[in-house]
Structures are given as C-alpha cells and as structure tokens.
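Student: My structure is below; once you've seen it, I'll send some questions.
Nothing in this text is a laboratory measurement; each read-out follows from the coordinates by a stated rule. Because the structure is predicted, anything quoted here is derived from the model rather than measured. Virtual Cβ from ideal backbone geometry, glycine too; neighbours counted across all protein chains shown.
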Amino acid sequence: MRHRDTGILLNNEAKATFGYNLIVPLVGKEAYIVGMRGEVLHQWNFPLTPGNYAYLLPTGNLLWSGRTTEGPPLRRGKGGLMREYDWDGKVVWEYTDHGQHHDFRRCPNGNTIYIGWEKLPDDYARRVIGGIPGSEHDGVIYGDYIREVNPAGETVWEWHFHLDEEIEAHPLIEVCDREEFAHANACFPLPNGDVLVSFRRTHTLAIIDRQSKKFRWLKKDVMWGTTHDVQMLDNGNLLFFANGIYTPLNPFSRVIELNPDTGEEVWDYRGQPTWSFFSPNISGAQRLSSGNTLICEGQMGRVFEVTPEQEIVWEYVSPFFGGYNWFGLERGGSGNSLFRCYRYAPDSPEIAGRVKSPYLG
C-alpha cells in the first residue's frame, strides 16, 4: 500500500517497545538513529549509496556496505565496499570485494561473512533450469558464493553454490531472468559456525553445514513467494519476511516464524485485509525483547511494530526520499525504500548511553 504521509503515524507508548531505530535509506548516503516520535538523534554520512543496509555492532560501531561501480554488471542488491564506522563516523575497518551483494554479518569471533557473485563456468550455467529463456546477461549467468574473512581480510572459509550443491535440484522461478542463480539475499551465521541462507529465486531457506559445505537443512515453499532476512531466534525457530510474489494467490506479504524441526509455521503476521501489507522485494523483521515484532515493509519505506496478537502499536514511514535509480535503472521519480530496519534498547551495548531521546522519561 502506498502511504501519503511520512514520519510517525502511530505511537502507542503503553504497548510499543521503547528504543532507537536505525534507518538507512536505499536512495541516500546517510544512516539515521530515529527516536520513537520520529526525531533524528544521530547521523552518519557515507561516500556511496548503501549496498542495501547497515547495522550496529555491540561496540556501538556501525557496519555498512556501499555500492561500488566495479565488479559484476548486476545491480539488484550490489555492494562492494564494507566498512566499520565508529560512533563519530571514523572508519576503523574496511574490506573491498566488488562482487559482494545483499548481506554481510560480523561473526562472534570478529570475522565478517558476506554473500558475493561470481560468473558461473559454462558447463554449470548450462545446467541451470528455469527462468526466461535467453535472458542471461550477455550470455552469462552469475552464481552465489559466501565468504568469511578475518579482520586482516584473509579468507578463512568459503562456499560456492555451483561447486557444493546440485544446480539441477534448484530450478529458477519461471518468470525470473537467467542472469543470476539463485539470488541469495541473507546469510546468518549460527553459533556452531553453520550458515542460514535465503535464496529468493528458488523459494528456498537452507542451512549450510560448515564442515561438509552441504545443506544440512532445507525447505522450499512456493507459497512464501520468495523470502528475505531469515534469522534464527533464541528459541531455535526461524523468522523471515515472505514477500508473497510469484505465488498462485493474489500477492500479499507475511512475516513468518517457522519451527525448522517440524516445518510448522507457528506464527505469522499478515495485513488486514491481506493486500494492505505487501512488498514484492527487499524487507525484513526483528523480534524485540518484549515479544513484539518490528517489521520493515521495504519498498514503501514503512516500519511498524506488532504485538503477538497482530495489533499495530507503532508505525513510521521514512521521510527520506531520493532518486529511484538504485537498481541501475533510470526510471525517474523518487522513492524512500528501506532494505531492513533495526531497533536498539536504550541499555543495549549498541546504544549504551550514546544517545538519549528528549522524550525519554
């Protein structure tokens, strides 16, 4: 649903989970800490538009990716330059891989894991099933790898889809182009070193075993309509954004909590009516300490908090607009899209007294 108003639309202070929201516009070169009433409390400035997003580390530093012009000729989710900024905007770490796209995470051991693109060798590209015939990028299909680097930038582990899994078992959605297989958009490191991944173009969530480099768990469901931002909760369940596109039903999005052992969807959020909540791409969710869930309806720049009973208790639409050419497409107009949004408690390590809302207390 397109929103005509921006800023705070709803703030139920009795039910909302107080904290500070990190807003990273896809069409700008800034990141903002925004209070519960929409007030901007802190800001970082960058040399590039984001390679999707940024998030705070327990040190209070910001881990960010910027979109470079070098590397594979793909634009949907491209990054390339990863940097860690301190609270005052000083660069304290950086690493460049022009193939990097979508997601990047700081591991508990201090390493950084991220997704990248690579050209598929011809013999593997011929084995890719599905997609629109003839829609490769100048005859080339790009595939995904996941790489973990230490603080010195040395590779300590990597995984390549075409080398470690059978391509034929993962056909592309029929209406997708064939320039990319299989469009990983989230990599979430698990405590044992395994990696939880979302693959948009095959309706797939999977866990990669660190030692064998094979999928030790996998689930596909066309009714999810592609997925984003998969993560493992403290209870062992998975939380993710189901975009709801390319399904047999009229399109609408959901946020789903899934028990990976049983395959049961134990909770979901959907709009009322369903079509009122829909983002065909990007987007994410965060389970808050209160048990509420913060949802980023990315395409329209909407962020809102819901209770377990699906009551909306806080709602915000990003007022930060910019030129809508972040897919590398010059279509004109402007947008306020967000890839993800995060909220941090006042006493969290990420905030730890570094900022205080004038409305607190």
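Student: Give me the extension gain from Asp209 to Asp88: residue separation times 0.36 nm, minus the current Cα-Cα distance, reported in nm with one decimal.
Tutor: Details: separation 121, 0.36 × 121 = 43.56 nm, distance 3.81 nm.
Additional length available on full extension: 39.8 nm.
Student: What percent do you get for the relative contact order of the chain when only Cα pairs under 8 Å and 6+ apart count?
Tutor: 17
Student: Moving on to the next point. Return the lysines within reach of Lys214: Cα separation strictly under 21 angstrom, same-chain partners fewer than 8 residues apart disregarded; answer none if there are no such residues.
Tutor: Lys119
Student: So which lysines pass the test for Lys29, namely a Cα distance under 26 Å, with those fewer than 8 places away in the same chain ruled out?
Tutor: By straight Cα distance, Lys29 reaches Lys78, Lys90, Lys356.
Student: Out of His137, His170, His228, any idea which swings most in a Gaussian network model of the chain, alpha carbons joined below 10 Å?
Tutor: His137
Student: Take peptides 32-39, 96-103, 107-114 and line them up by average Cβ neighbours within 10 Å, highest first, as a rough protection proxy. Mind showing how you got there, number by number?
Tutor: Details: 32-39: 18.9, 96-103: 23.4, 107-114: 15.9.
Averaged packing, sorted descending, gives the order 96-103, 32-39, 107-114.
Student: Give me the Debye-computed log₁₀ of I(q)/I(0) at q = 0.06, 0.13, 0.14 Å⁻¹ for the chain, equal point scatterers on Cα only, no solvent, two decimals.
Tutor: Here the Debye-derived log intensity ratios amount to -0.20, -1.04, -1.24.
Student: Follow-up. If you put +1 on each Lys and Arg Cβ and -1 on each Asp and Glu Cβ, how big is the dipole of the chain around its Cα centre, in Debye rounded to 20?
Tutor: Working: 35 positive and 46 negative charges, 139 e Å.
Its charge dipole is roughly 660 debye.
Student: Under a straight-distance cross-link criterion of Cα-Cα below 16 Å, which aspartates and glutamates are reachable from Lys15, leaving out those fewer than 8 residues away in the same chain?
Tutor: Glu305, Glu309, Glu311, Glu315
Student: Something else about it: Taking neighbour counts of Cβ atoms within 10 Å as a proxy for exposure, in what order, fewest first, do Met223, Met300 appear?
Tutor: Fewest to most other Cβ atoms nearby, the residues stand as Met223, Met300.
Student: ³J(HN,Hα) across region 86-98 via Karplus (A = 6.51, B = -1.76, C = 1.60, θ = phi - 60°), whole Hz, x for Gly/Pro?
Tutor: Values, residue by residue: 7, 4, 8, x, 7, 6, 10, 7, 8, 8, 10, 9, 5 Hz.
Student: Counting other Cβ atoms within 10 Å of each Cβ, which trypsin sites (Lys or Arg not before Pro) in region 53-84 have at most 13 and sit in a DSSP loop?
Tutor: Of the trypsin sites (Lys or Arg not before Pro), the ones in loops of region 53-84 whose Cβ has at most 13 other Cβ atoms within 10 Å are Arg75.
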